[in-house]
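Participant: Below you'll find the structure I mean.
Nothing in this text is a laboratory measurement; each read-out follows from the coordinates by a stated rule. Just so it is clear, the model here is predicted, and its values are computed rather than measured. For neighbour counting, all protein chains shown are included, and Cβ atoms are generated from backbone atoms with ideal geometry for every residue, glycine included.
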Amino acid sequence: MQVEVDLVIKMIGMIIIGALIGAVTNHLAIRMLFRPLEAKYIGKYRIPFTPGLIPKRRDELAANLGRTVVKHLLTPEGISKRLQQPIVYEAITRMIQQEVQKWTRSTKTIREIAERFVANPEGKLQQQIDQELESMAGAIKAARLTEVLGEGGTTKIKTAIPGMVEALLHQTEQYFDSPAGKMKLEETVAQFIQSKLGGGMFGMLLANVNIVEMIQPELKRVIQGKSTHQFISEMVEQEVHTLLERTVESLLEPETERQIIERMKSEIVTRIPLAALLDTPLHEFLEPLEVRISQEMVPMLSKQMVNRLIEQVEQIMATLDLETIVREEVDLLDTAYLEEIVLSISRREFRAITWLGGLLGGLIGMIQAILLIV
């Protein structure tokens, strides 16, 4: 009887010992994935299996994890599909609308916003106006008058020449028909006779003849003649052509140029009150446009952004180099923290592996006990 009790105790002992060996072995194996964190040495010799598997293969783990993420998890196709979902488009739209509202309802003045980027914005604007006016004046001065007036202006001037000549000749004819014109002719004739013939007998004879009455009809006929009209028209056209081919600079005095620039600057400053504009709150300009911007422009902009992202997603991912990012981030993780992450995910599975080792060890112990009995 005593022998049987001893045998049962031995069998139970063997099962318990087998179970303990199996459980402890599996538990130890799991712990050796991470522990020890650093290599251990006895003198100059490194103790085998130190550091643990994951700390020892940390670089390979990081590299493999980076490749896995890029090839199988964060792929261009997967990201493109995600971007095409309405929830992404709606999120981008809301984000942009919120940013737009910050500006359209802002109480900050244009001056306050501009001063973040430029000191004394009003002075800078006036300086820019001066530079632009000087640059524009320089370009205009170097140009010919035809270039400034343009084809339309030049054509109008040339088209107006016949009418101008006609009006000029008509005014000349009326002048010589008028008392003042007759008096001018009489003075001219008298001066001619006096200067050319003097006070001799022939001069006295001509003085008693009304030469003006003789000249007037002939002068009128000459003025009304087609050849006169054609001659004056050609002469005026030639002078106008010469004038139009001259540069603006050749027609302007420096003082006149300065006055024109000052007048233009004065008109710009008068019509565009820079100080008042800079001190105007931003919402006064943008608030009336808020509905149109938010409801029309922002959705269109969001759609374009999403489409553009989808088109460029592969290039963006290549530029970001996600594989390197993942590898570097894993390298930066503390090994103890990495162990905590893995254990937080797989604690139950590791515990089950430990119990499975105990179960298998117990079964092996029981088999050994049975074999011992047999």
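Participant: Kindly point out which whole DSSP H helices in the chain project their C-alpha atoms 18 angstrom or further along the helix axis while averaging a Kyte-Doolittle hydropathy of -1.0 or above.
Facilitator: Numbers: long enough: 2-31 (43 Å, 1.38); 86-104 (26 Å, -0.29); 121-142 (31 Å, -0.69); 145-177 (42 Å, -0.08); 179-196 (25 Å, -0.47); 211-224 (20 Å, 0.26); 226-245 (28 Å, -0.45); 254-271 (26 Å, -1.06); 298-320 (28 Å, 0.35); 335-373 (50 Å, 1.06).
Long hydrophobic helices here: 2-31, 86-104, 121-142, 145-177, 179-196, 211-224, 226-245, 298-320, 335-373.
Participant: While we're looking at this one, here's another question. Exposure proxy check: PHE285, PHE350 ranked by fewest other beta carbons within 10 Å?
Facilitator: Working: PHE285 13, PHE350 18.
Fewest-to-most ranking of PHE285, PHE350: PHE285, PHE350.
Participant: Also, quick follow-up: Calculate for the chain the 222 nm mean residue ellipticity that helices alone would give, adding -39,500 (n - 2.57) per DSSP H run of length 4 or more and normalising by residue count, nearest 500 deg cm²/dmol.
Facilitator: It comes out at -26000 deg cm²/dmol, rounded to the nearest 500.
Participant: Along the Cα-to-C-beta direction of LYS265, a point sits 7 Å from the Cα; which residues of the stretch 97-125 have their amide N less than 14 Å from that point?
Facilitator: The answer is 123-125.
Participant: Give the distance, in whole Å, between the Cα centre of the stretch 275-296 and the Cα centre of the stretch 324-374.
Facilitator: 65 Å
Participant: Could you pull out the longest piece of the chain with no exposed loop trypsin sites (Lys or Arg not before Pro) in it, calling a site exposed if DSSP puts it outside H, G, I, E, B and it has at most 15 other Cβ atoms within 10 Å? Spell out each step's value before the answer.
Facilitator: Details: sites that count: LYS40, LYS44, ARG57, ARG105, LYS108, ARG116, ARG246.
Longest stretch, sites excluded: 117-245.
Participant: Rounded to two decimals, what is Rg over Rh for the stretch 260-342 when you use alpha-carbon atoms and the Kirkwood radius? Can you show the working numbers first?
Facilitator: Details: Rg = 26.4 Å, Rh = 19.1 Å.
Taking Rh as the inverse mean 1/r over Cα pairs, Rg/Rh reads 1.38.
Participant: Now, a different point. Computed from the coordinates I sent, Kirkwood radius over Cα pairs in Å equals one of (i) 21.8; (ii) 34.6; (iii) 21.2. Tell me the label.
Facilitator: Read-out taken from this structure: (ii).
Participant: Modelling each spin label as a point 7 Å along the Cα-to-Cβ direction, I'd like the ALA29/GLN128 distance in nm, to one decimal.
Facilitator: Distance between the two pseudo-spin positions: 7.3 nm.
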